[in-house]
Ligand SMILES: [Ca+2]
Ligand SMILES: [Ca+2]
């Protein structure tokens, strides 16, 4: 124990506190208050394969809560084995982001949740009406919607499915040792992890990856210094479907300045949510870190720097909330429930 | 309260005790003792999608423990969206059956578990070696195999995957009010349910559906009185894939006497495991009961008889074991883990 290491730990802590924040218990949304019954209902819907046309795909199929909220495949497989164009980001801590999806095209988790249900290559439901029909046909759900939306004259409606799932997602926070550190316990990180944190800040990563989710606070171009695909394409697996160049946020805004711009992703649980980048092209965290330094900062990191940063990133692997992992027993269908279609 | 209803309740209980048995806590197998660590490992493997070629299908995909161990679709969808020929039976209480699969082609749950992993239309793994390679590439699994099979010089082998999953399945017992009844509490069933039980016995159902699982004790021809499909085909959904006549156990033994012979299925949780029969052709329990009386016993049941039997069958819906529903957090892959293939 030396005064200088004490001083530098405190310095580091103060610097970190300026850039990051400990996770809240719940990511609140005043427009959709998180209540116990809404969370209960949202969790059931999250796990319920009947929200898909085939009755075999649920949110949990692509965002497996037991695997840190992802499917660990390059790009997701959906209805009729359609292979989508992007990697599935984790739902853990996602509610904290400024917007949802890699290109930020949904405002919040409430709006986002309605997308995949109707997406023909995800859950494949043909219409909103059919989704509502499924839920209305199951008396246990009707009861829960009434309780979750007591002031709503028509509680079982499409938008409320999004609100219930969104409320559940707002509870999916995964605090880690880094939060203990931010809360003042400088011994919560090892020496190496602290060195990694220092490098993460000094090299410039924290300029983009910051806030409570260590990311999710802004949109930035992937490829600040050179086209991103020059670095990532050597990694694209031979077995992967032909990955195309992704215009990113340009597809949403049609603004040329948004070409190749993506939401800066959260780095919470990043060691568990391989493969990396919007196209799932890179499997090793070390490689992803090197590519970031190169494409975003024009820097070649030393092996030691990469190792330290990766050690720090691993300290962001958090505790998964126990309740989310307790699978809810789902109520049976009835004669009125539309039959699965393949 | 009348002496005669008391006497008849006791009679019914005694009759029932001769035909059925309460569920054991665990379905033991002396050749594969159920230990805590084996069950823990087996549960992880049961939920792990990496046992499939695509890394998106696990046992739980088709035998959803939150939906009473089934997928509630006519016939299951597997690797590359292949649609199989048979309905997925529940894994709950299955370890008690004399054999596994509709046609009994696997001896026990240990042997059974190895089938779907290599089945090209289920989990689609190309070889045993690849499955073992996946498991060996994940250090947490290697540790658990060592602990679960301490006397084995080569613990991480294909057969032991079956043993671990099998041990887990041996804990999947779902006691219901009917077990309370069998244990002597004649008030555990309502009047109607008791009338249904009486009818179930007197009409002849219990001649085939008996033992602790209310089924699973013998093989019998489906269609004792007339070809089964004459009764079931009107129910085959238009949307379903063309269902073919299924030879049943003949396919296993090549013995003509086994044509259209199937294992008599367990009726535990039957109200939850729709659709019914090996082809999943019938969605309503009432219809399945009527078809059974007709095809197996040559009888046309009255509406009252059907209603009572269904009430009794609903009393077989049991309590799902809490631990099984706590999804295990799965360890990450490593560089050595084979990548998913679609
Ligand atoms: Ca990823
Ligand atoms: Ca069934």
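General observations
- Lone unmet requirement of (1) touching a helix residue (DSSP H, G or I) at 6+ places or on another chain (Cβ under 9 Å); (2) facing another protein chain (nearest Cβ under 10 Å); (3) in a loop (DSSP other than H, G, I, E, B) for residue A:324: (3)
- Some residue of segment A:167-179 being within 16 Å of ligand 1 (Cβ to nearest atom), buried (at least 16 other Cβ atoms within 10 Å of the Cβ) and assigned to a helix (DSSP H, G or I): no
- Only one of A:336, A:314 that is touching a helix residue (DSSP H, G or I) at 6+ places or on another chain (Cβ under 8 Å) and closer than 30 Å to residue B:65 by Cα: A:336
- Test for residue B:294: is it in a helix (DSSP H, G or I) and farther than 30 Å from residue B:177 by Cβ: no
- Residues in segment A:242-284 that are within 13 Å of ligand 1 (Cβ to nearest atom), surrounded by fewer than 24 Cβ atoms within 10 Å (Cβ to Cβ) and part of a helix (DSSP H, G or I): A:270, A:271.
- Of everything listed in (1) within 14 Å of chain B (Cβ to nearest Cβ); (2) surrounded by 22 or more Cβ atoms within 10 Å (Cβ to Cβ); (3) assigned to a loop (DSSP other than H, G, I, E, B), the single unmet condition for residue A:43 is (3).
- The residue list A:190, A:199 contains one member that is farther than 24 Å from residue A:67 by Cβ, surrounded by fewer than 18 Cβ atoms within 10 Å (Cβ to Cβ) and more than 22 Å from the chain's Cα centre (by Cα), which is A:190.
- Looking at A:54, A:61, just one residue is within 13 Å of another protein chain (Cβ to nearest Cβ), surrounded by fewer than 24 Cβ atoms within 10 Å (Cβ to Cβ) and outside any helix (DSSP H, G or I), and that residue is A:54.
- Some residue of segment A:135-144 being in contact (Cβ under 8 Å) with a residue 60 or more places away in the chain, surrounded by 15 or more Cβ atoms within 10 Å (Cβ to Cβ) and within 24 Å of residue A:277 (Cβ to Cβ): no
Throughout, read-outs are computed from the coordinates displayed, never taken from laboratory work. Everything numeric here is computed off the predicted structure, so don't read it as measured data. Cβ atoms come from the backbone with ideal geometry, glycine included; neighbour counts cover every protein chain shown.
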